[in-house]
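The values are calculated or read from the model by the stated rules, or taken from the named source; none is laboratory data. Note that this is a predicted model, so its numbers are computed, not measured. Here the Cβ positions follow ideal geometry from the backbone for every residue, glycine too, while neighbour counts run over all protein chains shown.
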Amino acid sequence: MAYRFRRTESVQNGLKRIARKQVQQAIAEMEEPAGDLHEAVHQVRKRFKKMRGLLRLVRPGFPQYAEENAWYRDAGREISRVRDAESMKNTAAKLVSREDSSELREALQALNAALLDRQARITAEAAGLEEQLLRLAADQRDALDRIDSWRVKGQPDSTVMKGLKQTYTRGFDALNLLESEDTTDDADWHEWRKRVKYHWYHTRLLVSVWKPVMTARKKELSRLSDLLGDEHDLSVLRELLAREDGVAGGAGPEKLIRRRMDNRQQQLRQQAVNLGCRVFADRPSVFRRRMKQWWILWRKGL
């Protein structure tokens, strides 16, 4: 079952169907990981994020939103530390370039080695991760039971369009803030990243309303999300270097690494803004009217 609404089902039934599938897959991934535990954690966290995106789409008519959203947010945080350690290692590896000076290359190699050791240490400290996943899987079974009681209030079709517009508007406004203030504040960029991610989920959920157009939009939003994800990882890595002395191997190597990180982050931000200006080109009211018309035609089978 795809992560998308079907034309012939009600919004409420679609909500429940999609949610059940995500929860069932999360339970399977926690109880019987196909690969290593790191990958299982990664997949489960993606399920929880997709659940939060789904809930956000029906938020205006979904009384249980606050409770359910908080549940999946907190559940994802419980198992995040091991995955975050692997993410930092991968972020450092992406900084290596064939054009590096020998000094910078040595500094980055030392950083990669230090982050690999750090990942191993955190993994060892989380020796009970498998048991933690099993406990979380049991909790997920309770979450699965709760889905049966979910109800979408008011006019469901209108609810979907309101939820879609809210998320789009927040992405639109976050981009405008970045452009108008030319900010380098990591928090502002992280905020836009979150809004882009939710709009990407909503585009996936509604991709069938006009597949050729929405599939192209989904692809560009995925690329934008990746750019902002890499940008955010650099901010997190910078905080890690400031917090954990010695990871970068001393003041000299750290200065070289920070310069490389700053340059790369600026490149990513510019690429993201260039793409974002296209994705969020319409004013929210215009975007909503267009999507509403497509939704109506799709529901009629036209």
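All of (1) surrounded by 12 or more Cβ atoms within 10 Å (Cβ to Cβ); (2) assigned to a helix (DSSP H, G or I) hold for Gly249 with one exception: (2).
Here's the yes/no breakdown for (1) in a helix (DSSP H, G or I); (2) of a type in the set (Lys, Arg); (3) touching a strand residue (DSSP E or B) at 6+ places or on another chain (Cβ under 7 Å); (4) at pLDDT 85 or above:
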position	(1), (2), (3), (4)
Trp71	yes, no, no, yes
Ala75	yes, no, no, yes
Arg81	yes, yes, no, no
Glu130	yes, no, no, no
Gln140	yes, no, no, yes
Arg146	yes, yes, no, yes
Lys153	no, yes, no, yes
Val160	yes, no, no, yes
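Any residue that is under 20 Å from the mean Cα position of the chain (by Cα), surrounded by fewer than 16 Cβ atoms within 10 Å (Cβ to Cβ) and not in a helix (DSSP H, G or I) - is there at least one of those in region 29-42? No: zero hits. In region 57-69, of all residues being part of a helix (DSSP H, G or I) and out of contact with any Leu (no Cβ under 7 Å at 6 or more places or on another chain), the one that is nearest to Val207 (Cα to Cα) corresponds to Arg59.
Take the residues in region 276-293 that are farther than 17 Å from Val209 by Cβ and either basic (Lys, Arg) or not in a helix (DSSP H, G or I) (or both); name whichever of them is nearest to the chain's Cα centre (by Cα). Across region 276-293, the extreme among qualifying residues is Phe280.
Taking Ala110 as the residue in question, decide whether it is of a type in the set (A, V, I, L, M), modelled with pLDDT under 85, in a helix (DSSP H, G or I) and under 23 Å from Glu244 (Cβ atoms). Taking the combined requirement at face value, the residue does not satisfy it.
The set of residues from region 3-28 being touching a residue at least 40 places away in the same chain (Cβ under 8 Å), part of a helix (DSSP H, G or I) and under 25 Å from Lys211 (Cα atoms) comprises Val11, Gln12, Leu15, Lys16, Ile18, Ala19, Arg20.
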